[in-house]
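What follows is a single structure, written as structure tokens, with notes after it.
The values are calculated or read from the model by the stated rules, or taken from the named source; none is laboratory data. Computed from a predicted model, the values in this text were never measured in an experiment. Virtual Cβ from ideal backbone geometry, glycine too; neighbours counted across all protein chains shown.
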Amino acid sequence: MTHFLKMTWNPSTGIDLGFLTIHYYSLMFVIAFMAGWYITKSVWKREGEAIEKLDSLFIYCVISILVGARLGHVFFYQTELLWQDPLSVFLPFRFVPEIEYTGFQGLASHGAAIGMIFAMWLYNKKVLHKSVLWLLDRIILAVSFGAIFVRIGNFFNSEMVGKLTDSSIGIKFVQDQYNKYEAMRITGIQDEHKAFRALTDDPQFANYIADIPYRFPGQLMESAGYVLVFLILMFVYWKTNARKKEGFIFGLFLILLWTVRFIVENFKRAQVEGREDWVFGLNTGQILSIPFIMLGIFLIVRALKQKGEKDYA
């Protein structure tokens, strides 16, 4: 079989400035939020809304998405943290079995979606005073764009890797196969970053790389799907009158985004061991996607029954 697209993935953790390292995962979040602000600004101008209201909206979005994503991961995928290491739920450290800086790891998009919906309800009640669905119809343009970069961040972190494959798009994820302690033990280098680099740069460790299986790049597959979702939503908002049907664009967003997630889950390794196909042949990510898709269908049907646009002036 042709392997011309296959590659070994062993990136650095970020951009080293000497006095500071800008981690790629964090950088992707910054890009997502900043780009989202500019996308929403253009939407606000079209709708005739005060740009000043964007500042508080940005704060609501950042806090709700990060907190919701973290809690979603803990409740849906790593519940044992609540009693085994509760401080690590919100702090960038692991305290069991020893204190170790880990950064903020483990964010679930399902939790982020729930957190965002709640925050938009709160923001609308306190600031916008229109309709939650009116707001969600517009904010999801930025959210769908941001989702693209979040998955690219997962790719840099070698998280959410795919199932084993012999296809031409398979990737060897070095940092998924070996943790930092194994990399330092194998190479004899006590600096984890230099140890990982040596694994792929030094020929004496070639056998360790050869033992790494190829996997689907689940993160990039999902990110590519989100590009399509973003383009469709932008077209619908800017080129059609669908925005006048309250809940239509948000419903379309739920159907498209969670359908992408549902499909890509077939190619991704299960995030929870033992739950690969635990209910009707579906994994956790697929099961959690179904309610969002059903809600999207309901909102579109509801929107199509509307006779006109509501007046919020």
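Numbers for the structure displayed
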item	result
Boolean, A142 is of a type in the set (A, V, I, L, M), surrounded by fewer than 22 Cβ atoms within 10 Å (Cβ to Cβ), over 25 Å from Y77 (Cα atoms) and in contact with a helix residue (DSSP H, G or I) (Cβ under 6 Å, 6 or more places away or on another chain)	no
Single match in A183, A195 (criterion: among the hydrophobic types (A, V, I, L, M, F, W, C), surrounded by 19 or more Cβ atoms within 10 Å (Cβ to Cβ), touching an Asp or Glu at 6+ places or on another chain (Cβ under 8 Å) and assigned to a helix (DSSP H, G or I))	A183
Breaking point among (1) within 19 Å of the chain's Cα centre (by Cα); (2) outside any helix (DSSP H, G or I); (3) within 30 Å of R243 (Cβ to Cβ), for K130	(1)
Qualifying residues in the stretch 96-139 (those that are among the polar types (S, T, N, Q) and either under 26 Å from W44 (Cα atoms) or surrounded by 22 or more Cβ atoms within 10 Å (Cβ to Cβ) (or both)) - the one modelled with the lowest pLDDT	S109
Candidate set from the stretch 44-61 (those that are more than 23 Å from the chain's Cα centre (by Cα) and either among the polar types (S, T, N, Q) or buried (at least 17 other Cβ atoms within 10 Å of the Cβ) (or both)); member that is farthest from N241 (Cα to Cα)	E49
Residue identified as among the charged types (D, E, K, R), within 25 Å of the chain's Cα centre (by Cα) and at negative phi among R215, R197	R215
Complete set of residues in the stretch 198-212 that are farther than 17 Å from T13 by Cα and surrounded by 14 or more Cβ atoms within 10 Å (Cβ to Cβ)	F205, Y208, I209, I212
Residue that is farthest from T259 (Cα to Cα), among those in the stretch 214-228 that are free of Cβ contacts under 8 Å to residues at least 60 places away in the same chain and not charged (D, E, K, R)	F216
Failed item in (1) within 25 Å of I140 (Cα to Cα); (2) in a loop (DSSP other than H, G, I, E, B), with D166 passing the rest	(1)
Filter pass, L71 being buried (at least 18 other Cβ atoms within 10 Å of the Cβ), under 29 Å from R269 (Cα atoms) and not charged (D, E, K, R)	yes
Number of the exception - M234 against (1) touching a residue at least 24 places away in the same chain (Cβ under 8 Å); (2) buried (at least 17 other Cβ atoms within 10 Å of the Cβ); (3) part of a helix (DSSP H, G or I)	(2)
Residue that is of a type in the set (S, T, N, Q) and either at pLDDT 95 or above or farther than 28 Å from K130 by Cα (or both), where the choices are Q306, Q286	Q286
Matching residues in the stretch 36-93 - criterion: being closer than 20 Å to K126 by Cα and aromatic (F, W, Y)	W37, W44, F58, Y60
Some residue of the stretch 152-159 being surrounded by fewer than 17 Cβ atoms within 10 Å (Cβ to Cβ) and part of a helix (DSSP H, G or I)	no
Of residues in the stretch 164-180 being closer than 10 Å to Y214 by Cβ and charged (D, E, K, R), the one surrounded by the most Cβ atoms within 10 Å (Cβ to Cβ)	K172
The stretch 188-213 residues that are in contact (Cβ under 8 Å) with a residue 60 or more places away in the chain, paired with ones that are assigned to a helix (DSSP H, G or I) and surrounded by fewer than 17 Cβ atoms within 10 Å (Cβ to Cβ) (beta carbon under 6 Å, 6 or more apart)	L199/F205
Only listed residue being more than 30 Å from K130 (Cβ to Cβ) and in a helix (DSSP H, G or I), chosen from F29, F75	F75
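Let's see how each residue does on (1) modelled with pLDDT under 80; (2) of a type in the set (S, T, Y); (3) at positive phi; (4) buried (at least 17 other Cβ atoms within 10 Å of the Cβ):
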{"residue": "G18", "(1), (2), (3), (4)": "yes, no, yes, no"}
{"residue": "S26", "(1), (2), (3), (4)": "no, yes, no, no"}
{"residue": "I63", "(1), (2), (3), (4)": "no, no, no, no"}
{"residue": "Q84", "(1), (2), (3), (4)": "yes, no, no, no"}
{"residue": "R94", "(1), (2), (3), (4)": "yes, no, no, no"}
